[in-house]
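To start, the structure under review is shown below, and the notes come after it.
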Amino acid sequence: MTVATPAEFEARLRAIGDARYHHRHPFNVRMHEGTLRPEEIRTWVANRYYYQTRIPIKDGLILAKAQDPAFRRDWIGRIHDHDGAREGEGGLELWLALADAVGLDRERVASQCDVLPGVRRACDAYVDFVASHDLLESVASSLTELFAGDIMLTRIAAFEAHYPWVAIEGLRYFQSRTRQAPADAAFGLAYVTREARTREDQDRCAGALERKCEILWSLLDAVDSAHARPRLAADAIPRLDDAEPMVVLSERAVKLGGSGREILTLCDGTRSAVEIVAELSERHPGESHLVEDVHGFIDEMAGLSVLILEH
Amino acid sequence: MGAADAKEGHRPYNLVAELTYRCPLRCIYCSNPLNHREVPDALDGGAWTRAFREAASLGVVHVGLTGGEPTLHPDLPDIVSGAAEAGHYVHLVTAGTTLDGPRLAALHERGLRSVQLSIQDASEAEADEVAGTRSHTKKLAFARQVTDLGLPLTLNAVLHRGNLARVPEIIALARRLGARHLELANAQYHGWALRNRASLLPSAAQLEEAASAVEHARGEADGPEILFVLPDYFSDRPKPCMGGWGRRILVMTPEGRVLPCHDAGEIAGLEFWRYPERSLEACWESSPGILAFRGEDWMQAPCRTCPERERDFGGCRCQAFRLTGDAAAADPACSLAPGHAIVRDARREATVEAPVPVYRGDARSLNR
Ligand code: SF4
Ligand code: SF4
């Protein structure tokens, strides 16, 4: 295949966003329709904070790959946007203000102790991607910004219309991004369309953008499943009293570790994963890995068709 | 129950119950024994039910009803009930041309939990060519009956030179039918498949193309879970056949012989005991055939000292026997095996023009 013109290449990148950006994710769709429950909004805010903390780190990695002072001069602005010029300013601070506005404890959010394992995995995968790819692909992976401006506008309108319990000051992060994202995206797009000189380069850029869309998508998958109520699949046979506790399915038997067995007994379709964590932390005060254990277990079992997640 | 008395690392989790070798199809890669016509259906519903109960105390948790075409066994409903009442997960493996909706629903009521349906190809003409009968359209209707009942559906397609190029279409069909799993099983060269190997063996390039189609499909949301394993003729190491001889899986033939895999009865000189002449436990724990290759004592060089023996158990005994004449030899699929040249030469068959395959049951194929 021959190299596409810059306009064709841009159209290709935009088509990826149309098809795969997380504005289509069921969780975002429900957010924007106004049907999320307050606890779902809170889980999203607490978890998405972890993503925000990864952004300046990712941008630092990109800076370290750049040879061109003009590129660095521009790109370093992103880190300033996120971290602020001084304590108490910048995007991360605005996100904590959102945490306040939805009724979360900002210290707790900042401590990242409630971050879901699937969210951590997705965000770390993004940093790893940038660490292990060249400047061109790393910049291309940032191009989800092309679609961020629109989603921020939708989101502000949705919060104003449907979630009046969220104080308006909380929305300042979204407002700041409606200005920053288009400018950042224009810079990144100009860079990528200029530097991707061969068809192969263009393919790599498209692949990087797709990968980034996948990462954002799986972040929301994890948030979404935290509030779904898991129950055993209709065909599954639990054998919890077997010397090797397991669940038997059509194509496999899944062995359960000690905590898995206990978690599974709570997956009866009446509790969400978040509620299961709460229940187990009452049973086992001081147990530190419950968030990871429970969500990790439920996600894994859902992936194996042992559990069905009901919304 | 069960696992408590699992002995020295061998517990049969699965019972593969071959109810009958009869089958209306005549697939060119059928893995049933070449003399399948001479094997009687010796166990009735009561005998199978007793076997399932004994199996439960050996540790079995899952029963696969297979064949041949298991739905041709006249006591199938009682067999399903018997397995379910013994606490097993009951899974039916069928070619899908013999059961109608009401009979399937009745089996579901008796405790059937899932169904595996074999298809031969993605579209009718090619599929019916391989099956040697008109069956594809019936199968599709059957698949819908399965999913309408809410039963998990596994689609199984045996891959070979003639259909590998259509893996993307097979995946699309599985998606359309709402299959939860898709098994893309490369033909194993036993039974009729060995007889027809020269027509079936694919080229490495074909396999690579299929593998990348699978990779692509796995990236898409909401599709079936796809199992695709490269045939061992093309990898340098053998498969851990059946998870080890007499270790995880117990096969019972229509005449009640207890085997470590569906093919082991073909190995000359091995004595396998029959149920109910002896208890299931005796057949599994002590029959000379099962003991012959359980564990590692039987291994020769190079397996005996090879660090990989704990993973692959020296590979497939049946393949070793069939290709080298010595069932205790290293599986010739292994590049370290003395007999590996046989497999290397066979790969070349894929580059010559395919001979006309013979259907299962064709007389001329019997004097192999
Ligand atoms: S492989 Fe074909 S002929 Fe053999 S038992 Fe299965 S459906 Fe019947
Ligand atoms: S030598 Fe034997 S044990 Fe080692 S890899 Fe080959 S087949 Fe497996």
Which residues, counting only those in region B:42-59, are part of a helix (DSSP H, G or I) and crowded, with 23+ Cβ neighbours inside 10 Å?
B:W48, B:A51, B:F52, B:A55, B:L58
Number of positions in region B:313-325 that are within 11 Å of ligand 2 (Cβ to nearest atom) and either within 14 Å of another protein chain (Cβ to nearest Cβ) or without any contact (Cβ under 8 Å) to a residue 24 or more places away in the chain (or both):
1
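Kindly indicate which of A:L171, A:L232 is within 13 Å of chain B (Cβ to nearest Cβ), touching a Leu at 6+ places or on another chain (Cβ under 8 Å) and either buried (at least 18 other Cβ atoms within 10 Å of the Cβ) or more than 22 Å from A:L153 (Cα to Cα) (or both). Explain how you work it out, then say what you get.
On the way: A:L171 fails: within 13 Å of chain B (Cβ to nearest Cβ).
Residue meeting the stated conditions: A:L232.
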Residues of region A:236-245 being surrounded by 18 or more Cβ atoms within 10 Å (Cβ to Cβ) and more than 7 Å from every other protein chain (Cβ to nearest Cβ), in sequence order, are A:A236, A:P238, A:P245
What do you reckon, is A:E89 assigned to a loop (DSSP other than H, G, I, E, B) and either within 26 Å of A:A158 (Cβ to Cβ) or assigned by TED's automatic domain parsing to the domain that holds A:D184 (or both)?
yes
The residue that is surrounded by the fewest Cβ atoms within 10 Å (Cβ to Cβ), considering only those in region B:149-167 that are touching a helix residue (DSSP H, G or I) at 6+ places or on another chain (Cβ under 8 Å) and within 14 Å of chain A (Cβ to nearest Cβ), is B:L149
For the structure I just gave you, tell me whether B:A84 is part of a helix (DSSP H, G or I), out of contact with any Pro (no Cβ under 8 Å at 6 or more places or on another chain) and either surrounded by fewer than 22 Cβ atoms within 10 Å (Cβ to Cβ) or without any contact (Cβ under 8 Å) to a residue 12 or more places away in the chain (or both).
yes
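Working only within region A:1-35, note down all residues that are aromatic (F, W, Y) and assigned to a helix (DSSP H, G or I).
Step one: of region A:1-35, the residues aromatic (F, W, Y) are A:9, A:21, A:27.
Within region A:1-35, A:F9, A:F27 qualify.
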Can you tell me which of (1) within 14 Å of chain B (Cβ to nearest Cβ); (2) in contact with a Pro (Cβ under 7 Å, 6 or more places away or on another chain) is the one A:D221 doesn't meet?
(2)
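I need the full set of residues from region B:326-343 which are assigned to a loop (DSSP other than H, G, I, E, B) and near ligand 2 (Cβ under 10 Å from one of its atoms), in order please. Give the steps one after another, and end with the answer.
So the first thing to find is which residues in region B:326-343 are assigned to a loop (DSSP other than H, G, I, E, B), and the list is B:326-339.
Hits for region B:326-343 are B:A329, B:A330, B:D331, B:P332, B:A333, B:C334, B:S335, B:L336, B:A337, B:P338.
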For region B:82-141: of the residues being of a type in the set (K, R) and away from ligand 1 (no atom under 16 Å from the Cβ), which is nearest to the other protein chains (Cβ to nearest Cβ)?
B:R113
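Before we move on, is A:D268 more than 30 Å from B:A179 (Cα to Cα) and touching a residue at least 24 places away in the same chain (Cβ under 8 Å)? Walk me through how you get there before you give the answer.
Numbers: more than 30 Å from B:A179 (Cα to Cα): no; touching a residue at least 24 places away in the same chain (Cβ under 8 Å): yes.
Spelling it out, it is not the case that A:D268 is more than 30 Å from B:A179 (Cα to Cα) and touching a residue at least 24 places away in the same chain (Cβ under 8 Å).
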Taking region B:4-54 only, how many residues are within 21 Å of B:V90 (Cα to Cα), within 14 Å of chain A (Cβ to nearest Cβ) and not hydrophobic (A, V, I, L, M, F, W, C)?
4
Please list, ordered by residue number, the helices (runs of 4 or more DSSP H) wholly in region B:260-312 having 1 or more residues that are within 16 Å of ligand 2 (Cβ to nearest atom) and over 23 Å from B:T66 (Cα atoms).
B:288-293, B:309-312
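Yes/no per residue for (1) at pLDDT below 95; (2) of a type in the set (K, R):
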{"site": "A:I168", "(1), (2)": "yes, no"}
{"site": "A:R177", "(1), (2)": "yes, yes"}
{"site": "A:A183", "(1), (2)": "yes, no"}
{"site": "A:Y191", "(1), (2)": "no, no"}
{"site": "A:R199", "(1), (2)": "no, yes"}
{"site": "A:P230", "(1), (2)": "no, no"}
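The values are calculated or read from the model by the stated rules, or taken from the named source; none is laboratory data. Here the structure is a predicted model, which is why all the values come from computation and not from measurement. Virtual Cβ from ideal backbone geometry, glycine too; neighbours counted across all protein chains shown.
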